[in-house]
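Here the structure is laid out as structure tokens; the discussion comes afterwards.
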Amino acid sequence: VPMILVGNKCDLEVERVVAKESGIGLARQWNSCAFLETSAKSKINVNEIFYDLVRQINRKSPVPGKTRKKSTCQLL
């Protein structure tokens, strides 16, 4: 499952509650998922989150032209 851990409000450094290192550590625990800090107000890394998710999805998608073995169901 494509996943990104996002820390919000990175523009409010003075009011920080969670250390960046804690976010990075948690992302590593979750099978090395990506970690980004964002600020919607300052428009920092907002688009990058979605770009990264699309890249992750594309990496996991089946290769075009590669066919799956068809399974059949037989009822007797």
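The values are calculated or read from the model by the stated rules, or taken from the named source; none is laboratory data. These numbers come from a predicted model, not from an experiment. Positions of Cβ are generated from backbone atoms using ideal geometry, with glycine treated the same way; all protein chains shown enter the neighbour counts.
Things worth noting here:
- The residues in region 30-60 that are modelled with pLDDT of 90 or more, under 13 Å from M3 (Cβ atoms) and of a type in the set (D, E, K, R) can be counted, and the count is 2.
- Top-ranked residue in region 1-24 [being of a type in the set (V, I, T) and over 10 Å from the mean Cα position of the chain (by Cα); ranked as farthest from R59 (Cα to Cα)]: V14
- Out of A27, A34, A40, sole residue that is over 30 Å from P62 (Cα atoms) and not charged (D, E, K, R): A40
- For region 9-29, a residue qualifies if it is surrounded by 13 or more Cβ atoms within 10 Å (Cβ to Cβ) and part of a loop (DSSP other than H, G, I, E, B), and the qualifying residues are K9, C10, D11.
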